[in-house]
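Colleague: Just passing along the structure, written as structure tokens.
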Amino acid sequence: MANITFRHVLNRATRYQRVSVRVAVVMTITAIGCGGNELDVNPIEDAADTVLFERGEEAMADENWTRAREYFETIRDNYPQSLLRDQARLRIIDTYEGENNEVAYASALTELREFQRLYPPTHELAPLAQFKIAMVFYNQMKRPEREQTQTRAAIYEFEQFISDYSESADPEMITEARAKLREARDRLSEASFIVGRFYYRIKNYLGAMDRFREILDDDPGYTRRAVVYYYLADSLNINGFDNEALPMFERLISEFPESEYVSEATQQITSLKTELELEDR
């Protein structure tokens, strides 16, 4: 994904700074190699933050989230002028995401809100921070049978990201955000469909119709619209709303000609047209 890489950060420095960093990295890595794995690396010129970042990346690769976080926090707290400080802040958040539990996600969200408070929306890492906020909620979405608070929050934050950064964020990040937004919307619509289908099964067709209409109004791009069309049309038909049921069945066939409901919808259309013709005589 669109992380600002170590190489990218180095390229932002002047030529003199890059040479100094490379020389100092070698010196510092050698010193650390001789001194064991102590976290409190002694600064050598301006390169200790660079080594800390590399050590943090190594700990991330090993999924040692706590250790990695200690390295990145050291950069954040002790190197206010470091070119890696902003990136370290977001890597701290990645360590919480790696832990993948409710408490860790709460900590990640706190860090992200703090990042947004400290940096303007025009900061080069601002799009990534907003994307990560959306991902915090996305990663906590529950099954459609359960409450959907996190899903609604994910939808809001992904919409915010796309609205604010569609022109400035990495195109791959935008594509991923759109895909995950679709998935979140589908989850929410599926939750509503489950309720509507329950009403349908207990023959509360008016309640079912309200739910199915709500899905189509709120989420016209719902991936499983075909099943919503069918159950809404059938509920309308059962309640005697033939003039509304007919176009809904036709819509199902038109938009989803390969749907498993096409055969039944075709039969219903034939029956409804016959009834309507008889009524017109």
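Colleague: Taking the Cα centre of the range 86-130 as the origin and placing charges on Cβ (Lys, Arg +1; Asp, Glu -1), which of Leu109, Thr122, Gln87 is farthest toward the positive end of the dipole?
Modeller: So the residue furthest toward the plus end is Thr122.
Colleague: For the range 224-281, what ratio Rg/Rh do Cα atoms give with a Kirkwood hydrodynamic radius? Provide the component values of the computation, followed by the final result.
Modeller: Details: Rg = 10.9 Å, Rh = 11.2 Å.
Here Rg/Rh amounts to 0.98.
Colleague: How far apart, in nanometres, would the label points at Thr223 and Lys273 be if each is projected 7 angstrom from Cα along the Cα-to-Cβ direction?
Modeller: With each label point 7 Å from Cα toward Cβ, the separation is 3.4 nm.
Colleague: Arranged by the count of other C-beta atoms within 10 angstrom, fewest first, what order do Asp62, Asp219, Asp164, Asp234 take?
Modeller: Asp62, Asp164, Asp219, Asp234
Colleague: Hey, which aspartates and glutamates would be in cross-link range of Lys273, C-alpha to C-alpha under 14 Å, not counting anything within fewer than 8 residues on its own chain?
Modeller: The reachable aspartates and glutamates, counting only those whose Cα sits under 14 Å from Lys273, are Asp242, Glu244, Glu250.
Colleague: Here is a further query. Would you kindly state how much longer the chain becomes between Ile202 and His123 on full extension, computed as 0.36 nm times their sequence separation minus their alpha carbon distance, in nm to one decimal?
Modeller: Working: separation 79, 0.36 × 79 = 28.44 nm, distance 5.43 nm.
Between Ile202 and His123, full extension yields 23.0 nm more.
Colleague: Just to confirm my numbers, what's the Cα centroid distance between the range 51-79 and the range 183-249 in Å?
Modeller: Each part reduced to its Cα centre gives a spacing of 50 Å.
Colleague: Moving on to the next point. Could you put Val228, Val103, Val51 in order, starting from the residue whose Cβ has the fewest other Cβ atoms within 10 Å? Working shown, then result.
Modeller: Values: Val228 24, Val103 9, Val51 21.
Listed from fewest to most nearby Cβ atoms, that is Val103, Val51, Val228.
No lab work stands behind these numbers, since they all come straight from the coordinates. What you see is a predicted model; the values in this text were computed from it and never measured. Quick reminder, even Gly has a Cβ in these numbers, built from the backbone with ideal geometry, and neighbours come from all protein chains shown.
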